[in-house]
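Worksheet for the structure shown next.
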């Protein structure tokens, strides 16, 4: 009986240790210079696959236009080398973005405030490589390519907002740093 309990204890502790690295919480370092917090939670769902959910919040300005809002990005990763959450992966992703845009224009002494909301939906393919150092530290360079389409709803002012990088094909590089658990 003692052997059986000891064997079950060893097996269950081994299972717990194996599951200890089945999750990761990561931050995209490339998004920080544009005042965006981009956080990802990844969970292994198979020997060579994982699912990831990303959430980003931003509040940055380009020229005289201020952006604020969020995006949600679900992904699936299939690891071609190594095991789940380690090595080279490829996977599809989808992304929903919702932003508030505002700008001010001056005309002969008067100021006009322009406000709009931008919602986009899109998706594409993500390529990356993920390392786990010391069984805890995650480093992941990635490159996303995809397409998004959006709608702009003007609340006030002129319709002079450009959808730019938010509409059409695009490439997004990133570098995630995080912790595995």
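The values are calculated or read from the model by the stated rules, or taken from the named source; none is laboratory data. Here the structure is a predicted model, which means the values were calculated and not measured. Every residue, glycine among them, receives a Cβ derived from its backbone with ideal geometry; neighbour counts consider all protein chains shown.
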I want to confirm something. Restricting to segment 146-168 and keeping residues that are out of contact with any helix residue (DSSP H, G or I) (no Cβ under 8 Å at 6 or more places or on another chain), within 23 Å of residue 75 (Cβ to Cβ) and assigned to a strand (DSSP E or B), which single residue is modelled with the lowest pLDDT? 168
From the list 135, 112, pick out the single residue that is in contact with a strand residue (DSSP E or B) (Cβ under 9 Å, 6 or more places away or on another chain), modelled with pLDDT under 95 and in a strand (DSSP E or B). 112
Taking segment 40-51 and the residues there that are free of Cβ contacts under 8 Å to residues at least 40 places away in the same chain and in a strand (DSSP E or B), the one that is farthest from residue 117 (Cα to Cα) would be 49
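Being more than 30 Å from residue 117 (Cβ to Cβ) and within 14 Å of the chain's Cα centre (by Cα) is true for just one of 37, 24. Which residue is that?
On the way: 37 fails: more than 30 Å from residue 117 (Cβ to Cβ).
Answer to the selection: 24.
Counting only residues that are within 21 Å of residue 179 (Cβ to Cβ) and surrounded by fewer than 21 Cβ atoms within 10 Å (Cβ to Cβ), which one in segment 75-87 is modelled with the lowest pLDDT?
Pass one, segment 75-87, residues within 21 Å of residue 179 (Cβ to Cβ): 75, 77, 79, 82-87.
If we keep only those that are surrounded by fewer than 21 Cβ atoms within 10 Å (Cβ to Cβ) as well, we get 82-83, 86-87.
Values: 82: 78, 83: 93, 86: 96, 87: 97.
Per the stated criteria, the residue is 82.
Can you find, within segment 96-123, the residue that is farthest from the chain's Cα centre (by Cα) among those that are more than 22 Å from residue 63 (Cβ to Cβ) and surrounded by fewer than 19 Cβ atoms within 10 Å (Cβ to Cβ)? Give the derivation first.
Going residue by residue through segment 96-123, those that are more than 22 Å from residue 63 (Cβ to Cβ) are 96, 121-123.
After this cut, where a residue has to be surrounded by fewer than 19 Cβ atoms within 10 Å (Cβ to Cβ) as well, the list is 96, 121, 123.
Details: 96: 11, 121: 14, 123: 12 Å.
Ranking the candidates gives 121 first.
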